[in-house]
């Protein structure tokens, strides 16, 4: 298991390095023009069900880059980050259930979430059903994240509204 984790960290680091290099290339050479043909609004819901505090910061950075890439290509981002399952523990101010060595990752998650919330067209929600199941007090949810009844219901609604669902497990 540790070997897989190490490989996935290396793989994700390479992925980010490649993405960063591509993003810094001249805009005319690397783009998503084929996929974005006729698209003026990028409606996406990120279905976040990841319980790993070490990995979530990486994905939040990729989501931030995705927002910037949409804007760069003249597509208005409409993004929803929906936290469910054990991910609800990662978006709580209460860090008591985590070992002390994981607190810096939780702090980074809170910082990245606050930064993402400043971007136009970004909303966040957390599953109230999951907060109850995993013992997270709704009053401890990070600022700016709306507690909803059930993210399965909201994901269903976003899908019906034309949002693309991107799972993050």
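Any read-out appearing in this document is the output of simple, stated calculations on the displayed coordinates, not a laboratory observation. Remember, predicted model here, so these are calculated numbers, not experimental data. Cβ coordinates were reconstructed from backbone atoms using ideal geometry, including for glycine residues, and neighbour counts include every protein chain displayed.
Could you please find all residues in the range 84-126 being assigned to a loop (DSSP other than H, G, I, E, B) and closer than 24 Å to residue 65 by Cα? Break it down into steps so the answer makes sense when it comes.
First pass over the range 84-126, keeping only residues assigned to a loop (DSSP other than H, G, I, E, B): 84, 93-99, 118-121.
Once the filter is applied, which keeps residues that are assigned to a loop (DSSP other than H, G, I, E, B) and closer than 24 Å to residue 65 by Cα, the range 84-126 yields 84, 118, 119, 120, 121.
Just the residues that are part of a helix (DSSP H, G or I), touching a residue at least 40 places away in the same chain (Cβ under 8 Å) and within 18 Å of residue 47 (Cβ to Cβ), please, taken from the range 130-140. 130, 131, listed by residue number.
Return yes or no: is residue 101 exposed (fewer than 15 other Cβ atoms within 10 Å of the Cβ) and within 17 Å of residue 140 (Cβ to Cβ)?
Working: exposed (fewer than 15 other Cβ atoms within 10 Å of the Cβ): yes; within 17 Å of residue 140 (Cβ to Cβ): no.
The answer is no for residue 101.
Hey, among 90, 70, which residue is free of Cβ contacts under 8 Å to residues at least 60 places away in the same chain, buried (at least 21 other Cβ atoms within 10 Å of the Cβ) and more than 19 Å from residue 165 (Cα to Cα)? Write out each step before concluding.
On the way: 70 fails: more than 19 Å from residue 165 (Cα to Cα).
After applying the criteria, what remains is 90.
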